[in-house]
Amino acid sequence: MTKEDIISLPNNHLRLKSKRIGVITPEIIKVIEDMQAATISWDVSRKHEVGVALAAIQVDRPYKIVVVRNNYDNKQDHTFTAFINPQITKYEGEQVVDFEGCLSVPNIYGRVPRYTKVKVKALNTEGKIFRVTAEGFLARIFQHEIDHCEGLLFIDRIKNKEDAFFKLAEDGKLEPIDYEKDVRNDSILW
Ligand SMILES: [Zn+2]
């Protein structure tokens with residue numbers, strides 16, 4: 001797969017609830033490989049952004065699978081960890097508002113409240129349960145991706161009008177945009 005296989009709004013498949021996986025078949029392993037290839041393909045096409053993670057529904061496969069880059073501070077590191085049937089078992093800390101974007105909501109950023117610490121339980125590709133405690137940006141990634149498995153997007157979580165929306169300028173900085181003027185009338189995005 002490539003970045004062309006990533007679906008984006010207004011495709012309403014993004015609103016589907018993904019299915020739990022019972023048996024990890026070769027088809028599921030192939031979906032995971034496709035997700036990683038699509039994320040890297042997107043990543044190399046972007047100068048100022050990093051493709052940090054992807055949920056299976058974003059390549060139009062309604063399975064509860066999330067892949068997360070092992071080192072998203074290094075664009076050259078193309079390795080991932082797969083989380084099958086990921087579930088947040090505990091939210092800790094407070095909710096903090098910070099910028100988020102999404103490969104399925106192209107070019108739009110918003111400020112989203114998320115918990116600063118979460119515990120995640122998932123299966124690995126061998127079908128074994130493993131647990132991760134994530135803080136800060138990684139905790140935000142898990143909340144964003146596990147939302148995808150439930151048909152939710154980051155734009156659904158924005159509470160204040162002033163937290164929405166922003167776009168990436170040529171120099172890589174985020175600048176506010178006028179929703180009515182710049183977003184709503186842009187049929188490519190919505
Ligand atoms: Zn996303």
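The values are calculated or read from the model by the stated rules, or taken from the named source; none is laboratory data. Just so we're clear, the structure is a prediction, and the values are computed from it rather than from any experiment. Because the Cβ atoms are built from the backbone with ideal geometry, glycine has one as well, and the counts that use them run over all protein chains shown.
For (1) in contact (Cβ under 8 Å) with a residue 40 or more places away in the chain; (2) surrounded by fewer than 18 Cβ atoms within 10 Å (Cβ to Cβ), each residue gets a yes or a no:
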site	(1), (2)
77	no, yes
88	yes, yes
97	yes, yes
113	yes, yes
118	no, no
131	yes, yes
156	no, yes
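Of the residues 64, 121, 90, which is over 28 Å from residue 177 (Cβ atoms), of a type in the set (D, E, K, R), in contact with a Cys (Cβ under 6 Å, 6 or more places away or on another chain) and away from the ligand (no atom under 12 Å from the Cβ)?
When all the criteria are applied, what remains is 64.
Quick one: would you say residue 140 is of a type in the set (D, E, K, R) and buried (at least 20 other Cβ atoms within 10 Å of the Cβ)?
Against the criterion (of a type in the set (D, E, K, R) and buried (at least 20 other Cβ atoms within 10 Å of the Cβ)), residue 140 qualifies.
Please state which of the following conditions residue 25 fails to meet, knowing it meets all the rest: (1) in contact (Cβ under 8 Å) with a residue 24 or more places away in the chain; (2) at negative phi.
(1)
Give segment 64-81 a look and list any residue that's among the basic types (Lys, Arg) and at pLDDT 95 or above, or say none.
Within segment 64-81, 64, 69 meet the criteria.
Are there any pairs, at least 6 apart or on different chains, whose C-beta atoms fall under 8 Å, with the first in segment 38-55 and within 12 Å of residue 78 (Cβ to Cβ) and at pLDDT 95 or above and the second aromatic (Phe, Trp, Tyr) and part of a strand (DSSP E or B), and if so, which?
As it stands, the answer is 39/80, since those pairs meet every condition given.
Give segment 93-143 a look and list any residue that's on the phi > 0 side of the Ramachandran plot and outside any helix (DSSP H, G or I), or say none.
93, 107, 127
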